[in-house]
Each structure stands twice: as structure tokens, then as C-alpha cells.
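The values are calculated or read from the model by the stated rules, or taken from the named source; none is laboratory data. Not measured: the values here are computed from a predicted model. Note that each Cβ is placed from the backbone with ideal geometry, even for glycine, and that neighbours are counted across all protein chains shown. Just so you know, the surface numbers come from the protein's heavy atoms only, side chains and all, with ligands and any DNA or RNA stripped out. Shrake-Rupley method; radii C 1.70, N 1.55, O 1.52, S 1.80 Å.
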Amino acid sequence: MILHTPHSSTNTIGDIIHTQSDMDNITDWFTDELYFHEFSERVVFKYTRLDCDVERYRNDEDEAMTKYGRSVVYTKGTQNNTIRKDNTAHSNYIKETYYDAHHNKLIQKINIELSLFGACTIVDCHSFPSDPLSESELDELPDFCIGINTDNVPNCVDEIIGYIESTSHTVKINDPFSGSMIPSKFIADKKVKTIMIEINKRLYIDDNIIKINFEKYQNIINNVLGIIYKDELENEK
């Protein structure tokens, strides 16, 4: 099992004109700590997604968020504010230096898992803000979101839903975010599974980005990861 954590860092690669609001809203705070399981490998991106978003399609023409200025290299912040000029040379440098290195590391980890165990599950580790919708819709946001693709879906999704609901929390599939990270070369490989787990930020941080109930949600997520790990063991057989 590989825990892929792409958006937890606030480290910047170079000069960037961003507001604190950009950083506060765009960062999946503490997900590098929140998602932990003793029988896992970890791939954590070391820089802010404002500089390089490793979960975007590498080719800007393939990425739906390009029209909003948020492809691999963001030109727009969370309030449509300009954070850098569109610069093809800079974008190519970021992709070749940081994006490719991160994806190569992930692919290498997957290949190692396959060679050792014959199976691999990628867990895409995220959090999401409590206020992406209008005030009247806030109550509709779940506590947890599970993202799955058409293919490469673990067998344990229903078990995860049942467990989360047993803790008196709400959970939705592909809502408000959908899909899960998997390198394209593994989409046809039935031994490689992927699942995204998203936790609502309001559960574990307050408005000042101070941890609240953190150990409680570490434990809940650890139990979810335990279900995924058990499923992966079954996939090895």
C-alpha cells in the first residue's frame, strides 16, 4: 500500500506572488501526518501545489483546470488572483525538474510493491475545505469523500463506507471530488488499485488552522487504511 500525499506542503520552489488566503485554502493541511499506516510506503510531495500540482495532467491541453489558470503550474490563485505570469519556459522547467521526479518516484514505488507482493494499492490522501459551496448548501457536504475511477477499484469500498458510517460520520462517493491518482501505465494492470480518501477540514482543524480532535481522526483514518491494507493482502493471493 502506497500513501500518496500531494498537497500537504507549504514549501515554495521560488518567488511567488500569493496571498496567505491562497496558501490556507489550497493546502491539504497536516495530511502527511493524518494519513499513516505501519504497513505502507509513502510518497509525499515536498512543495506547495501553487508551484507544482503533481495531480494535474502533465499536458496542459488535457487538463480541465487549465482554463482557470490552475494546471501543473498555477498562474491564478483561489480568488482568480494572478500569482505568476504564464511562462512556457518556467512551466517546462517545473515539469521536468519537480513533476517528473515525483511521478517517477511513485512509479518506482509501485513497481517495487508489485515485484515484492504482486499487488499494490495507491491511497490518494487529501482533505477538502468546508466552504466551497454557498452557505445554504454547506450541510450537504459530507465528512468524508471517497474517490474511485472506472477501473482499478479496490473491493473494499462498501466496507469503508460501512465503517465510516459506524463512526457517526457521513461519506459520499465521488462527491464533492472524484477519481483517484494512478499513473497511466498501470490503468490496465488489475493488480494495481487506487482509491482517494478525502476528509473535511472542519473535522480536524479550526479556522486558524490549529489541530482539533486530531488523534481521533488519525485513528479513524488509520482504521480505513487497515481495511484497504487487508483488501490488498487478499489481492496478493
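Within segment 107-125, does at least one residue satisfy the condition of being modelled with pLDDT under 95 and among the aromatic types (Phe, Trp, Tyr)? Scanning segment 107-125 turns up at least one residue that is modelled with pLDDT under 95 and among the aromatic types (Phe, Trp, Tyr).
Just to be sure before I move on: is Thr31 buried (at least 17 other Cβ atoms within 10 Å of the Cβ), touching a residue at least 24 places away in the same chain (Cβ under 8 Å) and within 16 Å of Ser127 (Cα to Cα) in the structure I sent? Spelling it out, Thr31 is indeed buried (at least 17 other Cβ atoms within 10 Å of the Cβ), touching a residue at least 24 places away in the same chain (Cβ under 8 Å) and within 16 Å of Ser127 (Cα to Cα).
Could you look through segment 25-43, keep only residues that are among the polar types (S, T, N, Q) and more than 12 Å from the chain's Cα centre (by Cα), and pick out the one that is modelled with the lowest pLDDT? First the steps, then the outcome.
First pass over segment 25-43, keeping only residues among the polar types (S, T, N, Q): 25, 27, 31, 40.
So of that shortlist, the ones also more than 12 Å from the chain's Cα centre (by Cα) come out as 25, 40.
Values: Asn25: 91, Ser40: 96.
Only one residue fits best here, namely Asn25.
Whether any residue in segment 146-163 is buried (at least 21 other Cβ atoms within 10 Å of the Cβ), β-branched (Val, Ile, Thr) and assigned to a helix (DSSP H, G or I) is what I want to check. Yes, that holds for at least one residue. Summed over segment 1-23, residues that are over 19 Å from Glu215 (Cα atoms), open to solvent by less than 50 Å² (accessible area, probe 1.4 Å) and not hydroxyl-bearing (Ser, Thr, Tyr) total 10.
For segment 151-177, which residues satisfy the criterion of being touching a residue at least 24 places away in the same chain (Cβ under 8 Å) and closer than 16 Å to Ile221 by Cβ? So that I can check it myself, show each step before the final result.
Step one: filter segment 151-177 for residues touching a residue at least 24 places away in the same chain (Cβ under 8 Å), giving 151-157, 159-160, 163-164, 167, 169-177.
Once the filter is applied, which keeps residues that are touching a residue at least 24 places away in the same chain (Cβ under 8 Å) and closer than 16 Å to Ile221 by Cβ, segment 151-177 yields Pro154, Cys156, Val157, Glu159, Ile160, Tyr163, Ile164, Thr167, His169, Thr170, Val171.
Take Tyr217 and decide whether it is modelled with pLDDT of 95 or more, open to solvent by 40 Å² or more (accessible area, probe 1.4 Å) and either hydroxyl-bearing (Ser, Thr, Tyr) or part of a loop (DSSP other than H, G, I, E, B) (or both). No: the conditions fail for Tyr217. Apart from one condition, Ser130 fits all of (1) modelled with pLDDT of 95 or more; (2) out of contact with any Asp or Glu (no Cβ under 8 Å at 6 or more places or on another chain); (3) of a type in the set (Ser, Thr, Tyr); (4) not in a helix (DSSP H, G or I); the exception is (1).
Scan segment 25-42 for residues that are part of a loop (DSSP other than H, G, I, E, B) and polar (S, T, N, Q) and the total you get is 2.
When segment 76-101 is limited to residues that are within 25 Å of Ser184 (Cα to Cα) and touching a residue at least 60 places away in the same chain (Cβ under 8 Å), the one that is least open to solvent (accessible area, probe 1.4 Å) turns out to be Ile94.
Give me a count of the residues in segment 58-75 that are open to solvent by 60 Å² or more (accessible area, probe 1.4 Å) and either touching a residue at least 60 places away in the same chain (Cβ under 8 Å) or in contact with a helix residue (DSSP H, G or I) (Cβ under 8 Å, 6 or more places away or on another chain) (or both). Even if it seems obvious, please write down each step before you answer.
Filtering segment 58-75 for residues open to solvent by 60 Å² or more (accessible area, probe 1.4 Å) gives 58-59, 61-62, 64, 67-68.
Right, trim to either touching a residue at least 60 places away in the same chain (Cβ under 8 Å) or in contact with a helix residue (DSSP H, G or I) (Cβ under 8 Å, 6 or more places away or on another chain) (or both) and you get 58.
Selection size over segment 58-75: 1.
Here is a yes/no grid of residues against (1) closer than 21 Å to Thr121 by Cα; (2) part of a helix (DSSP H, G or I); (3) at pLDDT below 95:
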{"site": "Ile17", "(1), (2), (3)": "no, no, yes"}
{"site": "Met23", "(1), (2), (3)": "no, yes, yes"}
{"site": "Tyr47", "(1), (2), (3)": "no, no, no"}
{"site": "Asp53", "(1), (2), (3)": "no, no, no"}
{"site": "Glu61", "(1), (2), (3)": "no, yes, yes"}
